[in-house]
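Right, one structure below, let's go through it.
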Amino acid sequence: MKNESKTKITINEILDLRRYNPQYIPQKESTILEIGGKICATLQNYVVISGLPKSCKSTYLSAFTASVFIPEDIWGIKINLPADRKRLAYFDTESSAFDMYKQVERIRHFTKREYLPWDNLDVYNVREDDPANIIELINCYVENNEASVIILDGLLDVCNDFNDPVEAKKITTWLKRITKQYNILIICVVHLGKKDNNTLGHLGSAADRYAQSVFEVVKDKEQQTFTLQSKYMRSDADFEPVSIKNFDGKFEKVFYEPTIQQQFKKPKK
């Protein structure tokens, strides 16, 4: 039975908490994710990685994750965690156990280490859990662990109907609340629709609108390359696209000139 003795905060108290305080000096914004030297993500924000199914998003996510545990960047991608909270959590909502363990092995491969530092990394497979339970699990995790970055692969699975504008608003409000409350960064994966090449549904549109940055992974079938590029950047200029190609099971960065069909058109602001 829940503790009924807790005093419910009043609307006036909430208003006072939201008031600008001229005596308060916030901490300097902490840059967490950089790509090509550009500021892509800071604490108290979330970013979106979008792409069509099978567009190599998971490979880029493994590079994001692995860059935490090595001094150098991977393909110009680097995540630097705060000195007092060097912990990252990866929530996989889609993969089978086999694919999730394969992803973990890919992360280890990118670090060039024999073992991953499990004191600083948590990986969860929540494929069988419904949206409300996944949210509850993430809430529980951030409340009880000193992590600074959460990877949520993928965002659509914390929603029952991604075309419901009310539910989409609730999800983005939840993202904004927990990133601020727990001073964390959340990296969200959202699929693109095959017809219009936009993030799926009202949830995708809402997630893009409030994200600090939105990236897109594009596959060029002709050249067999996969390119990570910026779509929206709130805190810095666009970074140079990062293209990779699979050479006998090993992904390497390549110079890529998109074909006319694959050239990305910047959305109107």
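Here are the numbers:
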| item | result |
| --- | --- |
| Ranked by how many other beta carbons lie within 10 Å on average, peptides 129-142, 43-56 from highest | 43-56, 129-142 |
| Total charge dipole magnitude, the chain, about the Cα centre, Cβ charges on Lys, Arg, Asp, Glu only, Debye to nearest 20 | 740 debye |
| Cβ-Cβ FRET estimate between ASN12 and SER235, R0 fixed at 45 Å, reported to 0.05 | 0.85 |
| Residue with peak Gaussian network fluctuation, the chain [Cα springs, cutoff 10 Å], from ALA83, ALA207, ALA41 | ALA83 |
| Fluctuation leader among GLN229, GLN181, GLN103 - the chain, Gaussian network, Cα springs under 10 angstrom | GLN181 |
| Loop-located chymotrypsin sites (Phe, Trp or Tyr not before Pro) in the stretch 89-126 whose Cβ has at most 13 other Cβ within 10 Å (DSSP) | TYR115, TRP118 |
| Estimated [θ] at 222 nm from DSSP helical runs (n ≥ 4, -39500 (n - 2.57)) normalised by residues in the chain, nearest 500 | -8500 deg cm²/dmol |
| For the stretch 57-96, accessible area per residue (1.4 Å probe, heavy atoms of protein chains only), Å² | 30 Å² |
| Extent along principal axes [Cα atoms of the chain; Å; largest to smallest] | 63, 45, 42 |
| Beta bridges per DSSP with both ends in the chain, % antiparallel, nearest 5 | 50 percent |
| Packing-based order for 66-74, 213-221, using average beta carbon neighbours within 10 Å, highest first | 213-221, 66-74 |
| Candidate aspartates and glutamates for bridging to LYS195, where Cα separation is under 16 Å - those fewer than 8 sequence places away on the same chain excluded | GLU216 |
| Qualifying GluC sites (Glu not before Pro) in the stretch 5-55, DSSP loop, other Cβ atoms within 10 Å at most 15 | GLU29 |
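The values are calculated or read from the model by the stated rules, or taken from the named source; none is laboratory data. Since the structure is predicted, the reported quantities are computational estimates derived from the model, not experimental observations. Note: ideal-geometry Cβ built from the backbone for every residue, glycine included; neighbour counts use all protein chains shown. Protein only, heavy atoms only, side chains kept; ligands, DNA and RNA dropped before computing areas. Shrake-Rupley method; radii C 1.70, N 1.55, O 1.52, S 1.80 Å.
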